[in-house]
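Encoded as structure tokens, the structure appears first; notes follow it.
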Amino acid sequence: MFNTTTDANLEGNPIDDVIGGSIKYAALTSAAKLGIFRVLEEGPKSLTDLATAIGASEAGTQAVADVVAVLGWLEYTDGVYANGPLAKRWLDSGSEFDFTPALLWAYELINVLWDLPQAVRDGKPAQSLWERWADKPEAGRDFSQYMKVKSRLTVPSIVDAVPVPEGAKRLLDLGGSHGLHSSAFCHRYPELTATILDLPEALAGTPAAIEAEGLTDRIELRRGSFLTDDLGEGYDLILLFEIVHNHPDATNRDLIARAAKALRPGGRIVILEDVRGAELDAHNTAFSLAMYACSGDRTYSLPEITSWLDGAGLASVETIKLPSSVSLVIGTK
């Protein structure tokens, strides 16, 4: 993709791989941002027609589309561009799992990572992700949609694995945004009702989703911040799914303590996280770095998460490894 030498002694130059990787990233995310994949869902187009459809220059459109075609996401034959099998499988609006929001979020992540050196010097980014979203709400919506489609892949295994207390009636879903988890638990346990507490922008599309599930009478939406708002009391199950990596240790410790107080005796806190292991792992370290760039935070180890649950006075803690990269860490009151 980006070779700077033909010297046999320098074949496989890792720097070329880094530069080439950044170009691939930029091309693929830009294609999504420009709407190239969406336009080509209508059918193959010439360069002129494609550029016109996305409102862009022909030279720029060709530069992006050619790279994306080399990567296999587009096909280019006889001067005509079309979506390739990868795009049809993962980016088509009619596909089972449309990951276009993931690429739109990845485009925003480029801007976040651009400031990484300064964030490292300062100990945190100049703006947190949430502060960025206040100025760019569309980025927050893209992220929320990405989390929704990503969660659809894992919801069944999570609901299967969580040990819901016998006779459970009330569930609190902190940061539950899209409502997929609350809906799945309510469908699985007919006696269960749920409350989702999240920021207003994160819940923008949730009422329609809950209505589509036929659960408006069993799932309540509370717009606010779980970091500062009262959590209530008497819950049987409290979910913190992919939450703690967005916050510093002290904030998580306080949140877990407040959540524990909101539990009834025998109730459980369930933390879903990409847990940092004793050995360095390529996925976890990359994810942790992205979190640092976004909010100055990181992934946490099992001893750290366990210490929050123990500190909140929960009687027992267990861990359940899921088929994906994440684990459930459960504390019982």
Leu322 label point, 7 Å along Cα→Cβ, cut-off 19 Å on backbone N: hits in the range 92-119? 97-99, 102
Aspartates and glutamates whose Cα lies under 16 Å from that of Lys321, excluding same-chain neighbours fewer than 8 positions away: Asp160, Glu242, Glu273, Asp274, Asp281
Note to self: C-alpha centroids of the range 47-64 and the range 138-152 sit apart, in Å, by 27 Å
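Using a 1.4 Å probe on the protein chains only, how many percent of the accessible area of the chain belongs to carbon and sulfur?
Numbers: 8840 of 16200 Å².
Answer for the chain: carbon and sulfur cover 55 percent of the accessible area.
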Considering the convex hull of the alpha carbon atoms of the range 292-333, report its projected area averaged over all viewing directions, in nm², one decimal. 3.7 nm²
Calculate the spin-label point distance for Asp78 paired with Ser93, positioning each point 7 Å from the Cα along the beta-carbon direction, and give it in nanometres. 2.8 nm
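Tell me which GluC sites (Glu not before Pro) from the range 156-205 have a DSSP coil assignment and no more than 11 other beta carbons within 10 Å of their own. Each step should come with its number before you reach the end.
Details: sites: Glu166, Glu191, Glu201; in loops: Glu166, Glu191.
In loop regions of the range 156-205 (DSSP not H, G, I, E or B), the sparsely surrounded GluC sites (Glu not before Pro) are Glu166, Glu191.
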Running a GNM on the chain with Cα contacts under 10 Å, which residue among Asn284, Asn246, Asn111 ends up with the highest mean-square fluctuation? Asn111
Across the range 48-205, how large is the tail of the calculated P(r) beyond 25 Å, expressed as a percent of all Cα pairs? 52 percent
Given a 1.4 angstrom probe, what's the average accessible area per residue across the range 93-213, in square angstrom? 48 Å²
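I want the antiparallel fraction of DSSP beta bridges within the chain, as a percent rounded to 5.
Details: 18 of 39 bridges.
For the chain, the DSSP antiparallel bridge percentage is about 45.
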In the Gaussian network model of the chain, springs joining C-alpha atoms below 10 Å, which of Gly140, Gly167, Gly266 carries the largest mean-square fluctuation? Gly167
What order do Thr332, Thr285 take when sorted by accessible area (1.4 Å probe), most exposed first? Thr285, Thr332
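Express in nm, to one decimal, how much length is gained between Glu233 and Glu131 on full extension, taking 0.36 nm for each residue of separation and deducting their alpha carbon distance.
Working: separation 102, 0.36 × 102 = 36.72 nm, distance 2.98 nm.
Taking Glu233 through Glu131 to full extension adds about 33.7 nm, to one decimal.
Just to be sure I understand the rule: take each whole DSSP H helix in the chain, project its Cα atoms onto its long axis, keep it if the span is 24 Å or more and its mean Kyte-Doolittle hydropathy is at least 0.0. Which ones pass?
On the way: long enough: 14-34 (30 Å, 0.56); 137-161 (34 Å, -0.38).
Helices meeting the span and hydropathy rule in the chain are 14-34.
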Selected from Ile210, Ile320, Ile19 as most flexible by GNM, with the chain as the system and alpha-carbon contacts under 10 Å: Ile19
Linear extension gain, Ser22 paired with Asp66, 0.36 nm per residue minus alpha-carbon span: 14.3 nm
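Dividing the alpha-carbon Rg of the range 1-135 by 2.2 N^0.38 Å yields what? If you can, show how the numbers build up before the last one.
Working: Rg = 17.5 Å, N = 135, 2.2 N^0.38 = 14.2 Å.
This ratio for the range 1-135 stands at 1.23.
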Compute the distribution of all C-alpha to C-alpha distances in the range 218-285, in bins of 10 Å from 0, and list the percent of pairs in each, rounded to whole numbers. 17, 46, 26, 10, 0
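Summing -39500 (n - 2.57) over the DSSP H runs of n ≥ 4 in the chain and dividing by its residue number, what mean residue ellipticity at 222 nm do you reach, to the nearest 500 deg cm²/dmol? All intermediate terms of the calculation are to be shown ahead of the outcome.
Numbers: 14 runs with 160 residues, N = 333.
That calculation yields -14500 deg cm²/dmol at 222 nm.
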How many nm is it between the label spots at Ala56 and Glu166, if each spot is 7 Å from the Cα in line with the beta carbon? 6.0 nm
5 Å-binned pair-distance histogram of the range 190-333 (Cα, whole percent): 2, 9, 17, 20, 20, 17, 10, 5, 1, 0
Spatial separation of Cα centroids for the range 238-290 and the range 154-227, in angstrom: 18 Å
Project the alpha carbons of the chain onto their principal axes and report the range along each, largest first, in whole Å. 68, 48, 35
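The values are calculated or read from the model by the stated rules, or taken from the named source; none is laboratory data. Remember, it's a predicted structure, so these values are computed and weren't measured experimentally. Cβ atoms come from the backbone with ideal geometry, glycine included; neighbour counts cover every protein chain shown. Accessible surface areas use protein heavy atoms only, side chains included; no ligands, DNA or RNA. Shrake-Rupley method; radii C 1.70, N 1.55, O 1.52, S 1.80 Å.
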